[in-house]
Amino acid sequence: MGNSFSPCKRKDVDVSQGPPKKRKGDVMWIHGVSNTPPVLGENAPSSSRQGTPVKYPVHDLSPDCTSKNPNLTIIFFHGLIYGIDDAWKQTWTTHRIDGKEECICWPQMWIPKDLNDNVKILSLSYDSNVAASVHNDVTEIGQNLIQSLVTNSRYETLWDEPIAMVAYSFGGLVLKSLVVEMHKHVNQKKINNLDVTVQKCCEKFLKNLKGVVFYSVPHAGGTQDLSKYFKWQHQQITKDRTQLGLLGNMESFNRKMEQLSTDFIKSTCEDINIYAFVEGIPIDNKWGILVPWASASRLSNNNNYTVEDANHLTICKPPSKDHLSYSKLLEYLKTFMKERKTPTMPPLPCYEVTLEDKANAIHSLFQKESIVALVGMGGIGKTTLSKKTYHLFHNQYEKSSFLEDVKSKDINDVKKKLLQDLCDKKLHQHEDVNEYLDEIKQCMISKKVLVIVDDVGMTENLEALQLPIHKHATNVDCKSKVLVNCRNWQILKKYVKETAKVDMAFLEQEQAKELFMYHAFKHANSVTNDFENISMDIIKACGGLPLSLEILGCYLCGNYDLEIWKDALREL
């Protein structure tokens with residue numbers, strides 16, 4: 001169900017009449033679709049009619065997402081094909097309009113950027129050739145996908161987090177079949193000689209399935225035009241006038257559809273979100289609307305949208321990001337995503353001077369380095385700049401931790417905070433945090449993590465944390481970043497490259513004046529010449545040291561006895 005053909009190169013194609021017979025030498029080129037080597041399923045059951053194992057490929061459309069626990073996993077199910085390869089690519093391409101030559105695979109090119117988050121996107125491949133009726137048994141496909149996808153060791157950890165599934169036409173029947181077959185495994189300890197491991201994987205998958213989006217999927221009867229259209233396509237391609245196995249007997253097909261929809265609802269959680277896009281126009285005068293509203297919207301509880309300018313062949317091919325068929329999908333996916341826990345934020349000073357520019361410079365350095373060091377004397381602003389960096393950039397990481405004033409704390413308490421921030425584990429008082437160091441390491445290796453170690457104090461503290469970040473690691477090797485500050489460069493040089501060292505500088509006179517005047521006169525309407533002059537003397541005496549300027553300014557604020565100011569200057 002569903003035309004997966006995307007005429008991106010040949011201008012003479014009339015989509016309304018269906019895809020032409022593929023000719024020798026025809027080229028199908030889709031711009032922006034990277035090569036995604038398929039990952040075959042493991043130990044697929046013998047469910048084909050010939051008794052041979054079937055392994056369906058799984059295509060990773062988000063290779064930049066290396067996390068094993070993303071905020072959302074999105075799985076795409078393609079439609080029928082017409083004797084061409086790469087059905088998943090052909091289904092999920094943009095619609096060519098205004099004579100444009102390029103089509104892109106929009107789940108791959110748009111979704112990761114628009115969700116701006118840690119999202120894994122997979123696209124499945126399975127038998128769906130309209131001309132090969134022997135393979136079009138959706139029950140068998142669902143059974144095989146359990147082994148090809150759900151119990152595939154490469155993806156098992158993804159099922160611990162929220163899951164969304166998106167299907168077009170025939171792919172919706174495959175999706176429902178997969179859910180029904182998983183539900184059978186959950187409710188029966190062993191099916192088809194599959195062990196309890198399969199049951200646990202299926203149970204975890206169904207538990208975290210948060211939403212399903214259907215593009216023009218038939219859930220009930222009333223699809224006579226759909227049957228006629230695909231019979232015509234079958235005859236055009238094969239010159240075979242025999243009945244299609246899948247759609248040949250409409251009465252039988254409608255009964256199976258009805259039963260599959262009923263079983264699907266029974267197999268899902270009550271709080272699952274189901275949405276449907278419905279085609280708004282017929283392909284042309286020859287064909288009506290292939291999947292009418294009554295059939296397409298049956299399962300979605302009024303969460304339906306008619307795409308007024310799309311027919312059955314174009315409904316899953318948005319011409320732009322603003323198109324309803326994409327913008328609404330994006331809204332749905334955001335509701336399915338795991339809520340990010342807001343980390344405890346270290347307080348920032350009430351007034352800042354040049355902090356944002358300096359923090360941006362550190363962020364730029366992170367594009368080249370995995371570990372960066374802030375070095376300088378006490379009071380020069382290392383902690384304040386570290387806090388500002390954390391505030392500005394922690395939300396660009398999957399996990400983050402700010403370890404404040406490490407030298408003054410029990411190192412095991414510091415480790416416990418790191419474990420809680422990165423791994424969401426809070427230990428009881430009697431538990432040994434050192435038993436969980438490997439878990440912290442694995443988190444920093446598998447995820448994109450930001451750790452800031454404030455005032456580390458001595459080498460032993462840094463060694464005790466055992467952060468798995470090597471100073472020669474590249475961005476390709478490790479996406480996690482560490483910012484550490486210390487007064488003594490000798491303590492850090494073993495762990496940090498010279499090029500990743502940031503020497504903290506004193507404030508220039510104008511910056512120092514701005515900081516001191518804010519703290520000393522924030523309640524004053526104006527400043528007399530006497531106080532202006534002595535303020536400049538105090539600022540010079542502080543030598544551009546931020547902490548001295550702030551402390552003295554706060555001490556003198558509201559005190560307008562000039563002698564007290566002179567005493568403070570003499571003390572300096």
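The values are calculated or read from the model by the stated rules, or taken from the named source; none is laboratory data. Bear in mind that the values here come from a model prediction, so they are computed numbers and not experimental data. Here Cβ is always computed from backbone atoms with ideal geometry, including for glycine, and neighbour counts include all displayed protein chains. The area values use the complete protein model at the heavy-atom level, side chains included, leaving out ligands, DNA and RNA. Shrake-Rupley method; radii C 1.70, N 1.55, O 1.52, S 1.80 Å.
Here is how the numbers come out for the structure above:
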quantity: Exceeding the 21 Å Cα-Cα cut-off - candidates K176/K338; K89/K113; K68/K184; K204/K266; K388/K493; K417/K481; calculated: K176/K338; K68/K184; K388/K493
quantity: E439-K407 FRET efficiency (beta carbon distance; Förster radius 30 Å; 0.05 resolution); calculated: 0.75
quantity: Proximal aspartates and glutamates to K497, defined as alpha-carbon separation beneath 20 angstrom and excluding residues fewer than eight positions away on the same chain; calculated: E369, D454, D455, E460, E463, D477
quantity: Computed lengthening from Q259 to Q429, 0.36 nm per intervening residue step minus Cα-Cα distance; calculated: 55.7 nm
quantity: Long-range HN-HN contacts of I121 with modeled amide H, under 5 Å; calculated: L61, S62, I74
quantity: Viscosity 1.002 mPa s, 20 °C: Kirkwood-radius Stokes-Einstein D of region 526-565 over Cα pairs, µm²/s; calculated: 204
quantity: Cβ crowding within 10 Å averaged over residues, with 204-216, 306-318, 423-435 ranked highest first; calculated: 204-216, 306-318, 423-435
quantity: ³J(HN,Hα) computed for each position of region 385-402 - Karplus, 6.51 cos²θ - 1.76 cosθ + 1.60, integer Hz, glycine/proline x; calculated: 5, 4, 4, 4, 4, 5, 4, 6, 10, 4, 6, 8, 10, 5, 9, 8, 8, 10
quantity: Förster-model FRET efficiency, 56 Å R0, K522 and S320, C-beta, rounded to 0.05; calculated: 0.65
quantity: Karplus (6.51, -1.76, 1.60) ³J(HN,Hα), θ = phi - 60°, over region 267-273, in Hz, Gly and Pro reported as x; calculated: 8, 9, 5, 5, 8, 5, 9
quantity: Residue-span extension gain [A294 to E463] - 0.36 nm each, minus C-alpha spacing; calculated: 54.3 nm
quantity: Apportionment of accessible area to carbon and sulfur, region 329-395, percent (1.4 Å); calculated: 51
quantity: Neighbour-limited loop hits for trypsin sites (Lys or Arg not before Pro), region 337-407 (at most 16 other Cβ within 10 Å; DSSP other than H, G, I, E, B); calculated: K338, R340, K341, K368
quantity: Per residue, the convex hull volume that the Cα atoms of region 477-572 enclose (Å³); calculated: 139
quantity: Rg [Å, one decimal], Dmax [Å, integer] - region 281-334, C-alpha atoms; calculated: 12.0, 39
quantity: J(HN,Hα) series, region 300-312, from Karplus relation 6.51 cos²θ - 1.76 cosθ + 1.60, nearest Hz, glycine and proline x; calculated: 9, 6, 6, 8, 10, 9, 8, 8, 4, 9, 10, 9, 4
